[in-house]
Each structure stands twice: as structure tokens, then as C-alpha cells.
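For reference, the structure discussed in these notes is given below.
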Amino acid sequence: MSKHDPRVSLRQIIENIEKTEALILDMTYQQFIVDWRTRLVAERLIEVIGEAANRLPNELRARYPVVPWQQMIGTRNWLVHGYDAIDYQIIWDVLTKHLALVRTQARQILADLETTA
């Protein structure tokens, strides 16, 4: 069992997704790919999102199987351990196609936890 408060981890997921949205607002893939600073910040935010997902108790993740927990954790691990083989098209797709839904799901889970606490 995780020793981290799942509400804190869910808030970290939400907050870091919101930061990714602000980071790439009005940015194209071509702008992203040539801006190494933005790429590094995006990588770090995705790493934190994956680590926060990893800190959630297994029971909680099992209650919400529609959320791509393992992909989030796996992407974090890929960025940390495979830093020399990052495919920025995949990172861009994560940023622009997947995180908004995860943010919505994390907000709902957090609301569920706060109403049952």
C-alpha cells in the first residue's frame, strides 16, 4: 500500500496536466520539436504525472480501470530510463491527445474520494 495520500497524488496529476496545457498553448508540433526548453519541461511534467500515478494505491487504480495508469507509469519510466531514445511525436501525442481525458478522470476520482472521506 502506498504511504502517500491519494488525494495529494491526484491533485499533482491534475495540476501537472494543467501545466502541460499552459506550456504548449497555441504551440504547433514544429514549434515544440525545435524548442528544447519546452521539450524538457514537458518531459519533467509527464514524469511527475507518472510518478504520482504510481504512488496511488493499487486498490484505487483497480477501482478505476478505464484510466490508463500503466501507460502513465510506463511513460514516466521510459522518459527516466530511456532518455536517450525519446520519440517526441509520442510525447506530443500524450500532451495533445491523452492528458485532457486523464485530467477529467482524475478530477472525478478526487471528487469521489472527497465525498466519501
Can you name the residue in the stretch 96-108 that is within 9 Å of the chain's Cα centre (by Cα) and among the hydrophobic types (A, V, I, L, M, F, W, C) and is also farthest from Leu60 (Cα to Cα) among such residues?
Leu99
Between Thr75, Thr96, Thr116, Thr104, which is β-branched (Val, Ile, Thr) and at pLDDT below 95?
Thr116
Taking Ile46 as meeting all but one of (1) modelled with pLDDT under 95; (2) surrounded by 15 or more Cβ atoms within 10 Å (Cβ to Cβ), write down the number of the exception.
(1)
From Gln71, Gln31, which residue is more than 30 Å from Thr115 (Cβ to Cβ), out of contact with any Pro (no Cβ under 7 Å at 6 or more places or on another chain) and not hydrophobic (A, V, I, L, M, F, W, C)?
Gln31
When you go through (1) without any contact (Cβ under 8 Å) to a residue 40 or more places away in the chain; (2) touching a Ser or Thr at 6+ places or on another chain (Cβ under 7 Å) one by one for Leu56, which number turns out not to apply?
(1)
Evaluate the stretch 13-27: report whether one residue or more is of a type in the set (S, T, N, Q), crowded, with 18+ Cβ neighbours inside 10 Å and either touching a residue at least 60 places away in the same chain (Cβ under 8 Å) or more than 14 Å from Thr96 (Cβ to Cβ) (or both).
yes
Within the stretch 56-98, restricting attention to residues that are within 17 Å of Ile14 (Cα to Cα) and aromatic (Phe, Trp, Tyr), which residue is surrounded by the fewest Cβ atoms within 10 Å (Cβ to Cβ)?
Tyr64
Could you figure out which of (1) more than 18 Å from Val102 (Cβ to Cβ); (2) buried (at least 18 other Cβ atoms within 10 Å of the Cβ); (3) of a type in the set (Phe, Trp, Tyr) isn't true of Trp36?
(2)
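The values are calculated or read from the model by the stated rules, or taken from the named source; none is laboratory data. Values in this document were obtained by computation on a predicted structure and should not be read as measured data. Positions of Cβ are generated from backbone atoms using ideal geometry, with glycine treated the same way; all protein chains shown enter the neighbour counts.
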